[in-house]
Amino acid sequence: MNPFRVALAVARKDIRSEWRTREMVPALAQFIVLALLIGNFGFHIDARNAPAIAPGILWLALVFAGLVAFGRTFAAEREQASLEAMLMTPASPVAIFAGKAIAASLLLVICEAVLLPALTLFFGTPFTGDVVAAVLLATVGMAALGVMFAAIVARVRARELLLPLLTLPLWIPFIVAGGQAVQSAMGLPGSYDQAIGLLIDFDILFVVLTSLAARFVLEE
Amino acid sequence: MNRYERWAAAAAALMLVAGAAIFLYAPTDYLQGPVQRIFYLHVSSAIAAYGCFAVVLVGGIIYLRTESVIADRFARAGALVGVVFTTVTLVMGMLWAKPIWGSFWTWDARLTSTLVLWIIYAGYLLVRRLSDPGRQAARLAAVVGIFGFIDVPVVHFSVTWWRTQHPGPIIVNDALPAQMLTTFFLTMACTLVLAAVMVWVRYRIETLTDERQHIAEAVPVVAAREPEPVP
């Protein structure tokens, strides 16, 4: 079986099931708007300090929306025990993992499509290609790690409790580099190119590592 | 006294020797005063923690390759002892930072990555606690342990843009007077012995736990008796 076609098929299945139920996207969009609302009341924001605070609110909202999204990645599979069925097919676990990761990162991209315009709307920060590029690059690695830990905690009691504890420390490199990139894209000091370079490095590193680990995480 | 207790007593005695060297033999720092004596145990326990997490890494890799129960038990033991030593490092570092830097904490590369290290391996211990013991838990935890070990240099490397306040390596730079250096190596050796003994004792506890679990779970298989031939 061609692993690329398997991955795309798994991703298509996840996206189609989301399209038919429309469970996650409205909930996540609402979640993000609520996070911005909390940011507004938690900080004293005016036109002067908005560029300094908005990147922080962006990453906080994105990270927690990501945790909610990835926590549900294997929910349907668990409820219907369909992961076991998928693993019984000759498809390679890495391809199945890649498919789940593609679908999950698409979900995160949809969150970002709500988050970035809303940030510009509410806080007046620039909505530029630089910001979008930084956020999208961070999404790749965050999705790879998030789906891997979602697969791990799917087999554990108290999974809602454990997913953030395991995932957040490993997301820190992305938040450090992505935070730096967004800050400099919004006019704060710091090198944008260096941060983007680091994001690409982290993406490659963690996509390769999670692909290597996928076999051990998914198989019974 | 069994041999575990004897070794534990020996390790504790060695730590007392190290303590004597720290407070009686090593000279007082000219600038920082007595608080600099924290240095010896602070750095030693950090090195011991790295050693313990290396045990988790190697144990995890061996487990994924061979499914050796021994490797997994060593990984479990290493994670617990490593978290203990990381805690010691963090707490002693904070106590040292308050008088010298003026605050308990600063978001410096070294401090941040040590805190992340602590969180990752505390998470490892939680995975072990929350998953049902067996092959699967061992395999998942091995993956967590390996990723944790990789993440720490990555975090450290990515945070180094920020101005760093934590002093760099001074041992290899030959910046210490001979008496301080001797005390440091003595403390480090004693701390490493203590860590090794703690891992070993913990390994024994994990073995006993596994065996008890095994006894509790295993259902004795009694072969059905052949039916008596009906005359």
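Any read-out appearing in this document is the output of simple, stated calculations on the displayed coordinates, not a laboratory observation. Treat the numbers as computed from the prediction; the structure is a model and nothing was measured. Because the Cβ atoms are built from the backbone with ideal geometry, glycine has one as well, and the counts that use them run over all protein chains shown.
Values as computed for the structure displayed
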item	result
Chain B: relative contact order in percent, alpha carbon pairs under 8 Å with at least 6 residues between	31 percent
Test item: B:126-134 mean partner chain Cβ contacts at 10 Å	4
Cα pair distances in region A:131-220, grouped into 10 Å bins until the bin that holds the longest one, percent each	18, 42, 27, 11, 2
Mean residue ellipticity (222 nm) of chain A, computed from DSSP H runs ≥ 4 via -39,500 (n - 2.57), nearest 500	-28500 deg cm²/dmol
Cα coordinate range in region B:102-153, projected on the principal axes (Å, largest first)	47, 19, 7
Charge dipole (the protein assembly as shown, unit charges on Cβ, about Cα centre) - positive-most of A:Pro55, B:Ala142, B:Ala77	B:Ala77
Linear extension gain, A:Leu161 paired with A:Leu121, 0.36 nm per residue minus alpha-carbon span	11.1 nm
Candidates A:Val33, A:Val140, A:Val182, ranked by Gaussian network fluctuation over chain A, Cα under 10 Å, top entry	A:Val33
Between helix B:178-217 and chain B: long-axis angle, C-alpha atoms, 0 to 90°, nearest 10	20 degrees
Separation of alpha-carbon centers, region A:35-60 and region B:23-86, rounded to whole Å	40 Å
Convex hull volume per residue in cubic angstrom - Cα atoms of region A:3-218	115 Å³
Descending semi-axes in whole angstrom, ellipsoid equivalent of chain B, from the Cα gyration tensor	44, 22, 13
Of every Cα-Cα pair in the protein assembly as shown, the percent that sits beyond 32 Å	49 percent
Angle between chain B longest axis and helix B:69-101 axis [Cα atoms, degrees, rounded to 10]	20 degrees
Kyte-Doolittle mean at least 0.5, axial Cα span of 18 Å or more - DSSP H helices of chain A	A:24-42, A:50-71, A:93-123, A:129-153, A:159-185, A:192-218
